[in-house]
1. Considering the dipole of the range 75-171 built from charges on the beta carbon (Lys and Arg +1, Asp and Glu -1) around the Cα centre, which of ILE147, ILE89, GLN164 is farthest to its positive end?
2. Over the range 35-168, with every protein chain in place, what whole percent of the accessible area is carbon and sulfur at 1.4 Å, could you tell me?
3. May I ask for the net charge around LEU149, where only other residues with Cβ less than 13 Å from the Cβ of LEU149 are counted and Lys, Arg are +1 while Asp, Glu are -1?
4. Over the range 102-206, give the accessible area per residue in Å² for a 1.4 Å probe, as an integer.
5. Stretch LYS170-ILE89 to full length: gain in nm at 0.36 nm per residue minus the Cα-Cα span?
Amino acid sequence: MGKTKKKIIIASLILFIALTVLFALLLKRRVDTPQEYVDYLRTITCYSSDVNYFVINDKGQFEEKARLYYDAEKGYRLELGEDRVYFYIKDTIIVKDLKSNRSYTLKEDFDVFYKWAFLRDFVELIYTNEEVKIYSENKEGKNYLFIELYIPGGNKNIDKGILQVNTDTKAPEKLCILDFKGNIKAEIVYSNFIIEKELNAALFEH
């Protein structure tokens with residue numbers, strides 16, 4: 001066997017070993033980047049979650065419990081307390097009053113707050129907003145991704161949103177709403193966030 005051939009074989013073995021070690025290291029370490037988390041959130045097309053709305057004003061803090069359902073093919077459903085159900089359909093909102101068993105229609109811009117609990121609308125702003133900050137931070141031993149952006153609409157009390165995502169579960173945990181001065185005016189806290197394969201079509205009947 002010639003010297004040149006031996007050198008080629010040795011070099012190939014070294015390269016093979018180096019690639020094997022590198023591959024093993026890559027398997028062990030997390031390779032998720034902030035952009036990958038953002039892209040992942042965008043691909044969630046069906047989910048359900050419990051939500052707590054906390055509104056902060058001069059009179060103190062107001063809390064409202066809700067449950068939401070989202071299916072990219074079927075629509076949006078928000079159960080607000082035990083009295084009302086909101087269905088978001090294109091540029092209108094159909095509200096079903098469970099106490100009176102009556103329904104009425106509102107214009108889309110009537111709701112400037114509750115709708116932000118739905119991930120899709122907030123995440124889509126990342127791709128159209130000129131000022132977006134995406135950063136990671138460890139809080140109380142947990143790793144989080146934060147997405148900070150301006151919310152359109154000209155409402156001084158709903159000027160900016162900061163979405164907090166648990167990078168281990170890849171689920172949203174909280175959305176903070178800030179006014180134009182940077183004060184927290186509301187918080188939307190998620191719990192029991194479940195990615196669903198499919199939701200029952202009956203949930204979206206109104």
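1. Looking along the dipole axis, the top candidate is ILE89.
2. With neighbouring chains kept in place, the figure for the range 35-168 is 45 percent.
3. -4
4. 59
5. Result: 26.4 nm gained on full extension.
The values are calculated or read from the model by the stated rules, or taken from the named source; none is laboratory data. Treat the numbers as computed from the prediction; the structure is a model and nothing was measured. Glycine also receives a Cβ, built like all others from the backbone with ideal geometry; neighbour counts cover every protein chain displayed. These area figures cover heavy atoms from the full protein model, side chains too; ligands, DNA and RNA do not enter into them. Shrake-Rupley method; radii C 1.70, N 1.55, O 1.52, S 1.80 Å.
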